[in-house]
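Heads up, the thing below is written out as structure tokens.
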Amino acid sequence: MEAVVAGATGLVGNLLIEELIRNDLYSKIISIGRRPLKNNHPKILNIIIKDLSEISKVDLNTKKSVFFCCLGSTIKQAGSKENFRKVDFYGITDFAELAKTVGASKFLLISAKGADSKSKFFYNRTKGEAEQAILNKGLGSITIFRPGLLFGDREDFRFFESLSIVVVKGLKSVLGNDFLRPVVTSVNELAKAMVDDSLDIETGYKIVDSSEIKK
């Protein structure tokens, strides 16, 4: 099997790559992004693009591959709502268009808990609109993951997220994983769940809520 990954240099994407490398069923991993992966494993092929707007035009020599979309930002990180939407809507939907063009066997997307195309909140609305656009692409098999607050070690520092993680660690020691699972998602568990789900090429689509994401 071949995997095509967008957002592989991010928090979840890095761990997803490690899971794909360990899985013997995947013989090739194609990472499409603006910078190469630090991992130089022989399974990996880096395709470098200057801008996300180029992603739907990438020339891929692959058939029936599995597409993993780990693209995601924050408004603060993007700098504006417009730039956020370039990643979290257009980047994602253009990647899905590429998947459709090459006849991908499955498309897996990391969205967010609370995603709703009719939400009053810009973040949730954008995530919901991206989900709906993916479903309208006519892909044969789609799985959408809606994680809660992502729990893991980031390279970039985010104050409020870091503060939340400190609080979560305290609650986790008292209340346990099952109590927090609906609102907090381990990035390790999410990456593992994506690879496990990718091996089941069922038709149609499904949405995996944060409470269902576990090893």
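Each value in this text was obtained by applying a stated rule to the coordinates, not by laboratory testing. Everything quoted here is computed from the prediction, not taken from an experiment. All Cβ positions, glycine included, derive from the backbone under ideal geometry; neighbour counts span all protein chains shown.
Some notes on this structure:
- With R₀ set to 45 Å, the beta-carbon distance separating GLU202 from LYS81 gives a calculated FRET efficiency near 0.80.
- Among VAL66, VAL208, a tally of other beta-carbon atoms within 10 Å of each Cβ gives an order, fewest to most, of VAL208, VAL66.
- By the count of other C-beta atoms within 10 Å, a proxy for reagent exposure, PHE68, PHE95 are ordered fewest to most as PHE95, PHE68.
- Derived scalar couplings ³J(HN,Hα) [segment 130-143; Karplus, 6.51 cos²θ - 1.76 cosθ + 1.60; whole Hz; x for Gly, Pro]: 5, 4, 5, 5, 4, 5, 7, 6, x, 6, x, 9, 9, 10
- Partners for LYS86 among lysines (Cα-Cα distance below 22 Å; same-chain residues under 8 apart left out): LYS50, LYS57, LYS76, LYS100, LYS113, LYS118, LYS120, LYS127, LYS137
- Computed over segment 20-148: relative contact order in percent, which uses C-alpha pairs under 8 Å that are six or more apart: 21 percent
- Using only the C-alpha atoms, the convex hull of segment 1-92 corresponds to 91 Å³ per residue.
- Counted charge near GLY91, where neighbours are those whose Cβ lies closer than 12 Å (Asp, Glu -1; Lys, Arg +1): -2
- Exposure proxy order (Cβ contacts within 10 Å, fewest to most) of ASP209, ASP196, ASP59: ASP59, ASP196, ASP209
- Proximal charge balance of GLY140 [Cβ under 12 Å; K/R count +1, D/E count -1]: +3
- Segment 1-72 and segment 186-204: distance between their alpha carbon centers, rounded to Å: 15 Å
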